[in-house]
Amino acid sequence: MIRNYFKIAWRNLLKNKSFSFINIFGLSIGVAACILITIYILHESSYDSGVPNSENVYRMTGQYIEDSRVNNGIHFSANTASTVLKDFEEVENSGRLMANQLFYRAGSNEIRFDGEDMQHHEEGFTYADQSMIDIMGVNMVYGDVTTALTKPKTMVISQRIATKYFKSENPVGRIMYLNGNNEDPFEITGVMEDFASNSHLDYDFLITLKDVEFGEGEQTRWIQNNYFTYIVLKSGTNVAAFEKKMGTTLIEKYIKPAFQSAGFAGWEQMHERIKMYLQPLTDINLHSAHISFESSSRNDIKIIWIFGIVALFILIIASINFVNLSTAKSANRAKEVGLRKVVGSTRSQLIGQFLAESILISLIAFIVGIALSALLMPLFRSMSGIDLIMPWSSFGFIPIILMASIFVGILAGLYPSFYLSNFNPINVLKGKLSSGSKSSGLRSSLVVFQFTISIILIVGTLIVNQQMNFILNSKVGFEKDQVVQIYSTNILNERVETFKEELEKLPGVSSVSVSDYLPIEGTKRNGNSFVNEGKDGIDENIPGQAWVIDEDYIETMGMSLVDGRNFIASRASDEQAVIINQAMAKELNLIEPIGKRISRYGELYEVIGVVEDFNFDTMKTSVRPLCFFSGISPSITSVKINTSNVSAVLSSMEAKWKAFVPNMAFRYEFMDASFSKMYDNVNRIKSIFTAFAILAILVACLGLLALSAYMVEQRNKEMSIRKVLGASVQTIFKLLTKNFLALIIIALSVAIPIAYYLMQTWLQDYEYRIDMSWSVFAVAGIIAMTIALVTISYHAVKSALINPAKILRSE
Amino acid sequence: MILQLKNIFKWVNSGGNRVFLLNDIDFTVNEGEFISIMGPSGSGKTTLLNVIGMLDDFNEGEYTFLDEPVHTLKEKHRARLYKEYIGFVFQAYHLIDELTVYENIETPLLYKKHSSSERKAMVADMLDRFNIVGKKDLFPSQLSGGQQQLVGIARALVSSPKLILADEPTGNLNSTQGEEIMQLFKKLNDEGVTIIQVTHSETNATYGSRTIHLKDGLIVNN
């Protein structure tokens, strides 16, 4: 019996080739989209699950409330980790990472191995405790996993780095010098396996924290927060209760007294303003969107939901095609249904038969879909920026796919099979069946649904693209074009000034500035606090950035002073001067700031200028308070060029570099490129979203194409008679298309409010955002209409041009 | 006696008027009869045949089929009855286009509890009997009208019904093909199959043992 079902299903597939193609191809696209997105989602939600004991590992997060503004952070003081381990029996282990570039050697360094001459630039340095290796379950290729970081001045490098510099040789015991500092050797004590692509950590160098102290007393001070702190709880600990107890104890026992002795005005209220939380290790990747200073490579659970829903919608749109085409084509099957009933089939047997058919189609679609997704995998990989793989070998992949295909087959086939099996044989055999028009109401609403989704996706895509372009091209308070950032200039030590002067002499260079602080995420940042003169311990401290710049910085960056003057190189008194941004002036309530003095930890600085606010975070946040101090921070030298012959300038700069540093490669980046890199993640999401929106629309159009073909076929006789009676080609075309266009217009009117609401919500995340104008909706509407019209026209025109004699003769 | 109709009425309401499709039909069919129903277009021939075949309802009257009172039976029970005992032959053959000759004949058996080897034997028997063994793998579109109708009859007979209902079985055939089909019916009838056919043709009617004339849903003579 089943064999018979499949046989007839197969023959039906072959008989209606275009119908089957659209069904299978559409469904395959849906399946491929679902598979790819599922793999993506699984990857994103599998972060750190490979860490042994991961369910008991937590990262400490904190909340600082200031004038009802809530800041979430992940930086804690150096002694938090050891204190927590000591004070609470629930804590089994604790460890720290210190990756803040503000501190020497964290972030990026120039490295040189003992016995070699060349300096190499490497990134991904962090300080780490030995216990972090234990907590993260790091596996070692060489070296002792239990003691690798227990001695001072030791370092563990990743396998990737080891292979890059030592090939297959064991580098343990080799000495490494950082930034040309030949008096300060580090010993390589281990090679660890690279962090997995689904680890929230991505470091290549772990420098031991053993005996490290950044400034006197830093390791025991409570108010200097620079460390990521991880703890392992004993299994069975009540996390919520412990979280509360830990927070209260730390604040009351340590933080309050520390603030009190530092003379901080509001120390008594600290318990109201500081909250501490424990974030499960496996939540870090997807649930850190609220945390500032978190790596921009973190994903967001919202994105995961959106992608999941989009994938599901594509599958639903494809399934709707199946339902629509099956019921539309029902007349073709009606005779068979009637006959089978007459010769003895029961209704449930017929339902079984039609379900078997849709399962067969679904199975084929899934096979094609898997092939399609494997084919698209490389593209998707580069789009998502993740090394995703098809989980062929993973347990359950094939059975799950098989089950999913049967499930989709049943779901898509359910309505058609009930509908088809319900035909009354007598009507069918008499030929009385009004062919396929019975369920046209349902078909229409399904088409409306498909196009509603498609239009929402079109609007979404347009607005996401607009917003991204807005961010990348809007005025950010500085000029990012034609600026070359030369890295690693700290290797020059005091010669950096000379290097700067040499560069300034080059033709095509308009100005040169040396500073590590750039309005680009990932360059140096810090946190100081400021207060007006004489208000120490009285007024609230204003947290703000303290950037060290030279006198050419403002010009090179194309920033503008709204008040006062720039630093002057020769003026010694400028060492006690400060330039503040507008946000800082506002926070400090300085109406006429020039000449006023502000205090940083008791030291006074005179405000000599106010710089116009510029963005130095992503455009998601508003501009925070900031101060410029005069000085040298030598890692990055920025060069503003004023010529179109960029390559000539670059090669002359490189020649200069070679003259200064013969043993290290010239490394540079254009500022606009590094600026747009800040939005890599957003850009990736944009392109994935766009791709899947296009897929959804494509599948919806396939369905519309088939449906219109069928509707036109249905009305061929009517149109022929009309033509014989004198109807023109245009009137026939209009007649055939107007019903579909009405559906699209309904879909538009449903989609626009929904899209407006959704995109409004999305835009809320951005401090700097576009206004949604009606034109976006108009464009989306026109796109949808045009696509639909072109799709329908194909068959409508064919029908309008047909020779009526041909049709009528065969009646 | 195989079936008996008693005062069967069937009507439709059209604009307040009751239009009778079957008007007080009374007749009995005995086992082994070959009955022809004749009458002008719209006289209710096909409706009567469908009522007998239990494909269609009637509004009033009593219908007894093999001692079962059909008018009191539930739809499901009725369906079981006609599937078991009645074979249908149609004017337009109504073969399933996607199935081969062999599969078309096999279809009714699929819905009864026959093992696959039983089915094979039964279909082979039919193919043999109608001399179409050589065509068993062809599709309906590859056959002439007469051949298609042969397959239609083979399909109707394969599950050995007690009664064959044929609605203008030769209506789409030329005279030679038509005559062959009628000869076949005659032969089947001789073998003991009860047949009721609807026909327009006096010649075809002569193959039957009895003719019923219908006009406006009324039996004119018996």
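Hey, how many Å between the Cα centroid of the range B:59-109 and the Cα centroid of the range A:449-513?
79 Å
Given labels modelled 7 Å from the Cα in the Cβ direction, how far is it in nm from A:ARG715 to A:LEU801?
Modelled inter-label distance: 1.9 nm.
Compute for chains B and A the buried accessible surface, both sides summed, probe 1.4 Å, and express it in Å² to the nearest 100.
Summed over both sides, the interface buries about 2200 Å².
Mind ranking A:702-711, A:172-181 by how tightly packed they are, going by the mean number of other C-beta atoms within 10 angstrom, highest first?
Ranking the peptides A:702-711, A:172-181 by packing returns A:702-711, A:172-181.
Using θ = phi - 60° and the Karplus form 6.51 cos²θ - 1.76 cosθ + 1.60, what ³J(HN,Hα) does each residue of the range A:444-450 get, whole Hz, x for Gly and Pro?
4, 5, 5, 5, 4, 4, 4
Can you figure out the FRET efficiency of A:MET403 with A:LEU14, using R₀ = 22 Å and their beta-carbon distance, to the nearest 0.05?
The computed FRET efficiency comes out at 0.25.
For the range A:709-791, compute the orientation-averaged projected area of the C-alpha convex hull (one quarter of its surface), in nm².
6.8 nm²
I need the calculated FRET efficiency for the pair A:VAL145 and A:SER529, taking r as the beta carbon distance and R₀ as 35 Å, to the nearest 0.05.
0.30
Could you please state how large a percent of the accessible area of chain B is carbon and sulfur, counting protein chains only and using a 1.4 Å probe?
Of the solvent-accessible surface of chain B, carbon and sulfur hold 45 percent.
For a paramagnetic label modelled at 7 Å from the Cα of B:VAL133 toward its Cβ, which residues of the range B:143-184 fall within the zone defined by backbone nitrogen distances under 11 Å?
What the label zone holds, given the 11 Å backbone N cut-off, is no residue at all.
For the pair A:GLU193 and A:ASN465, how long in nm is the line joining their label points, each one 7 Å along Cα→Cβ?
4.3 nm
Quantify how strongly other chains surround peptide B:76-88 by giving the mean number of their Cβ atoms within 10 Å of each of its Cβ atoms.
Taking all residues of B:76-88 together, the mean is 2.
Using a simple charge model, +1 on the beta-carbon of Lys and Arg, -1 on the beta-carbon of Asp and Glu, nothing else, what dipole does the range A:555-705 show about its Cα centre, in debye to the nearest 20?
Dipole about the Cα centre, nearest 20: 360 debye.
Select from A:HIS75, A:VAL607, A:GLY115 the residue farthest towards the positive end of the dipole of chain A; place +1 on Cβ of Lys and Arg, -1 on Cβ of Asp and Glu, and compute about the Cα centre.
A:HIS75
With unit charges on the beta carbon (Lys/Arg positive, Asp/Glu negative), name the residue among A:THR523, A:PHE423, A:GLN582 whose Cα is farthest towards the positive pole of the charge dipole of the protein assembly as shown.
A:PHE423
Check cross-link reach from A:LYS505 to the lysines: straight Cα distance under 24 Å, and skip same-chain residues fewer than eight apart.
A:LYS480, A:LYS640, A:LYS656, A:LYS658
Work out the charge dipole of chain B with +1 on the Cβ of Lys and Arg and -1 on the Cβ of Asp and Glu about the Cα centre, then indicate which of B:GLY171, B:GLY192, B:LEU138 is farthest towards its positive end.
B:LEU138
Per-residue Cβ counts within 10 Å, from other chains only, averaged over A:339-352: what number is that?
Neighbouring Cβ atoms belonging to other protein chains average 5 per residue here.
Place a +1 charge on the Cβ of each Lys and Arg in the range B:27-129 and a -1 charge on the Cβ of each Asp and Glu, then give the dipole magnitude about the Cα centre in debye, rounded to the nearest 20.
Taking the Cα centre of the range B:27-129 as origin, the dipole is about 220 debye.
Setting aside same-chain residues fewer than 8 positions from A:LYS7, which lysines have a Cα under 23 Å from its Cα?
A:LYS15, A:LYS17, A:LYS329, A:LYS335, A:LYS341, B:LYS112, B:LYS113, B:LYS120, B:LYS135, B:LYS136
Note down, for the range A:574-649, the three equivalent ellipsoid semi-axes (square root of 5 times each alpha carbon gyration tensor eigenvalue), biggest first, whole angstrom.
In descending order, the three semi-axes are 29, 17, 12 Å.
Expressed as a fraction of 2.2 N^0.38 Å, the rule-of-thumb size for a compact globular protein of N residues, what is the C-alpha radius of gyration of the range B:36-106?
After normalising by residue count via 2.2 N^0.38 Å, the value is 1.32.
Could you tell me how many degrees, from 0 to 90 and to the nearest 10, lie between the Cα long axis of helix A:774-801 and the main elongation axis, the longest principal axis, of the Cα atoms of chain A?
30 degrees
Under 17 Å from the Cα of A:LYS798, which aspartates and glutamates turn up, not counting those fewer than eight places away in the same chain?
Cross-link targets: A:GLU713, A:GLU718.
Net charge near A:ASN532, counting Lys/Arg +1 and Asp/Glu -1 over other residues with Cβ under 14 Å of its Cβ?
-3
Within 15 Å, Cβ to Cβ, of B:GLN4, how many net charges do the neighbouring residues add up to if Lys/Arg are +1 and Asp/Glu are -1?
Summing Lys/Arg as +1 and Asp/Glu as -1 gives -4.
What distance in nm separates the two pseudo spin-label positions at A:ASN71 and A:ASN739, each 7 Å out from Cα along the beta-carbon direction?
Taking the simple label geometry, A:ASN71 and A:ASN739 are separated by 6.4 nm.
Would you mind checking the radius of gyration and Dmax of chain B based on alpha-carbon positions, in Å?
For chain B, the Cα-based Rg and Dmax read 17.6, 57 Å.
Mind jotting down the three principal axis lengths of the range A:150-256 based on Cα atoms? Whole angstrom, largest first.
Reported extents, whole Å, longest axis first: 50, 36, 19.
Can you list, largest first and rounded to whole Å, the semi-axes you get for chain A by taking the square root of 5 times each eigenvalue of its Cα gyration tensor?
Listed largest to smallest, the semi-axes of chain A are 63, 32, 26 Å.
Go ahead and run the numbers for FRET between B:SER116 and A:ILE746, Cβ-Cβ distance against an R0 of 41 Å, rounding to 0.05.
The pair B:SER116/A:ILE746 has a calculated efficiency of 0.20.
Amide H neighbours of B:GLY61 under 5 Å, at least 5 residues apart or on other chains, H built in the peptide plane: list them.
The list, which skips near neighbours in sequence, is B:PHE9.
Taking each residue of B:94-103 in turn, how many C-beta atoms of other protein chains fall within 10 Å of its C-beta, and what is the average?
5
Work out from phi, with θ = phi - 60° and the Karplus expression 6.51 cos²θ - 1.76 cosθ + 1.60, the ³J(HN,Hα) of each residue of the range B:33-39, listed in order in whole Hz, and give x for Gly and Pro.
7, 10, 9, 10, 9, 10, x
Taking K and R as +1 and D and E as -1, what net charge do the other residues with C-beta under 13 Å from the C-beta of B:GLY192 add up to?
-1
About the Cα centre of the protein assembly as shown, what is the dipole size in debye to 20, counting +1 per Lys and Arg Cβ and -1 per Asp and Glu Cβ, all else neutral?
Here the size comes out at about 5660 debye.
The values are calculated or read from the model by the stated rules, or taken from the named source; none is laboratory data. Since this is a predicted model, take the numbers as computed values, not measurements. Backbone-built Cβ (ideal geometry, glycine too); neighbour counts: all protein chains shown. Side chains are part of the model used for accessible areas, which takes the heavy atoms of the whole protein and leaves out ligands, DNA and RNA. Shrake-Rupley method; radii C 1.70, N 1.55, O 1.52, S 1.80 Å.
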